[in-house]
Structure formats: structure tokens, C-alpha cells
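J.: Just passing along the structure, written as C-alpha cells.
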Amino acid sequence: MPRKKSWYPVQPRKTKPKVPDAIKKALSEKADQLIESKLKPEYLKPPPEDNDFNYISDIYSKWHQHYFYFCTTYTVRGENAIRPSFEDKFARLAKICPLVVLGFHGCYDSL
């Protein structure tokens, strides 16, 4: 016999911790330094001449809600390309407690 369906009260969702503007600014500055000094020199190469494969044309970071993302822009080559480029997020950082941002420790110790 099928079970009778009933309504149950749902617990309210926990609110996500807000990231203070000072931490956002400090994290963005450190990430930009990392991108300019390490990631761009290693992963940004001139576009290949002999094939129609996608290639990385830019590396950057951005905030979306309470997450911090490292992103790349890929340029699409070829005659059948739907768009000339697309974005790919390859890393996400999240705030887990008041003084720690998951995956990026120690960037704002002086705050």
C-alpha cells in the first residue's frame, strides 16, 4: 500500500558567511600578484598557428557572491565556432570561518 504523503516543517537554510570588504580587497590583490607572477607566464602561450584547438587567452580572478574564483578565457578557433571565446572557472575559494578563507591561508594576516 502506498505511503501517505504529508507536509513537514523544513529547517531554514543556514546563511553563508559574509566576506568583509577588507578581506576581499586583500585576497584580490594577492591573487592578482599570483596571476601576474606565476600563472600568466607559465600558461599563457602565443596562439598555435597550425591547428583549430582552443587556447587560453587570459587568466583572471573575480568575486561572485561569497566565493572567489580563478578563471580563464579560452579563445575558440575554427570555422564552426559558436562563440569566439568562453570562460572557465578552474578554482573556487570559500570563506569557512571568520579568519580563514578555504584554500588561501595567510594572505591577510596583518588585517
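J.: Pop out the Kirkwood hydrodynamic radius of the chain from its pairwise C-alpha distances, inverse of mean 1/r, in Å to one decimal. Before the final figure, lay out the partial values.
T.: Working: mean 1/r = 0.0576 Å⁻¹.
When all Cα pairs of the chain are included, the Kirkwood radius is 17.4 Å.
J.: A follow-up question, please. What range in the chain is the longest one free of GluC sites (Glu not before Pro) that are in a loop by DSSP and have at most 15 other Cβ atoms within 10 angstrom?
T.: 1-48
J.: Distances longer than 16 Å among the Cα atoms of region 5-47: what percent of all pairs is that?
T.: When every Cα pair of region 5-47 is considered, 65 percent fall beyond 16 Å.
J.: So which of Lys16/Lys40; Lys16/Lys62; Lys25/Lys45; Lys40/Lys95; Lys14/Lys95; Lys18/Lys38 end up more than 21 Å apart by C-alpha?
T.: Check vs 21 Å cut-off fails for Lys16/Lys40; Lys25/Lys45; Lys40/Lys95; Lys18/Lys38.
Values quoted throughout were computed directly from the atomic coordinates according to the rules given, and no laboratory measurement underlies them. All values derive from a computational prediction rather than experimental measurement. Cβ: placed from backbone, ideal geometry, glycine included. Neighbour counts: every protein chain shown.
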